[in-house]
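Working notes for the structure below.
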């Protein structure tokens, strides 16, 4: 409940967010920027939305010259301190968002190439732009914000910087990976001893590390339209098992077998985040470390909450786990898994 409340507060004070993919070729640089239509309209002072709050393609097309002028004022490709020409190739409406494609004739052959952005900072000083920098076989994620709005496009990313970025990415994926968290919670609802928890968490870690590594190294790959429904099915299986099996000491086997499927889900997230081919193993290890840090933090909060409930339920005596609590939590977890299964199969 606390995490959901914090998430709601974050949405209520949205600092603004844009996403950019920068592709650096030998002779040119291409920038694809995704931005909310309402934010772009507010920043430019242009009328871009229809009555439903969606981007109107005709209004967007008429405003394209003005949008291009605005983008050149807040976005730049520079080489050795001098600005390179920047052209708005297209502006396409996508429901409530806009996809902008810009090109510059300065590319990898140009020395001292940098990208600079202040997009939306006039209306959202806390704006973050998540950038995926693609150069050759490398794809490196970077976050730019006020005070850190410049990215060197020709500089290889140092290993320590790769490490910190991917640790943060791994931990962040766990905190928003509600399906992985639901699976872990279902596995641990009967756990009251530390050793049982250690076995389950270790088995899950080993399992998803194996399949995450195999998928990222392109040894074994499963399509996302198969992996995502299977992850939902593992949640149902772990939750339903709580009604028939209280032996948490042996649940590490379930954690390992079903955790293999979750590893492919982590691999999909990591691949979408981007991988630097010259630091692939560092990125893979760092992402996995981040996943474990996030996982341990969440498990600790889960278990603390369960232990506190145990002690409040049985004050003055040895605490015990009430079956009603386990069944009461397993039911919505199983229903949530069922919803995800339907959403990822019949509704996809």
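Assess whether residue 203 counts as being within 25 Å of residue 327 (Cβ to Cβ) and surrounded by 19 or more Cβ atoms within 10 Å (Cβ to Cβ). The answer is yes for residue 203. Checking each residue in the stretch 137-151 for being out of contact with any strand residue (DSSP E or B) (no Cβ under 8 Å at 6 or more places or on another chain) and touching a residue at least 40 places away in the same chain (Cβ under 8 Å) picks out 137, 138.
Helices (runs of 4 or more DSSP H) fully within the stretch 219-314 that include at least 2 residues being touching a helix residue (DSSP H, G or I) at 6+ places or on another chain (Cβ under 8 Å) and exposed (fewer than 15 other Cβ atoms within 10 Å of the Cβ): 251-273, 280-313.
Taking only the stretch 56-86 into account, find how many residues are in a strand (DSSP E or B) and closer than 19 Å to residue 46 by Cβ. Summing the residues that are in a strand (DSSP E or B) and closer than 19 Å to residue 46 by Cβ in the stretch 56-86 gives 1. Residues satisfying the criterion are present in the stretch 96-106 (criterion: part of a loop (DSSP other than H, G, I, E, B), under 16 Å from residue 33 (Cβ atoms), touching a residue at least 12 places away in the same chain (Cβ under 8 Å) and touching a helix residue (DSSP H, G or I) at 6+ places or on another chain (Cβ under 9 Å)).
The single condition among (1) at pLDDT 90 or above; (2) surrounded by 17 or more Cβ atoms within 10 Å (Cβ to Cβ) that residue 85 does not satisfy is (2). The single residue among 285, 305, 279 that is more than 23 Å from residue 238 (Cβ to Cβ), at pLDDT 85 or above and more than 16 Å from the chain's Cα centre (by Cα) turns out to be 285. Can you confirm whether the stretch 316-327 contains a residue that is modelled with pLDDT of 85 or more and assigned to a loop (DSSP other than H, G, I, E, B)? For the stretch 316-327, residues modelled with pLDDT of 85 or more and assigned to a loop (DSSP other than H, G, I, E, B): present.
The values are calculated or read from the model by the stated rules, or taken from the named source; none is laboratory data. Just so it is clear, the structure is predicted and the values come from calculations on it, not from any experiment. Every residue, glycine as well, gets a Cβ built from its backbone with ideal geometry; the counts of neighbours run over all protein chains shown.
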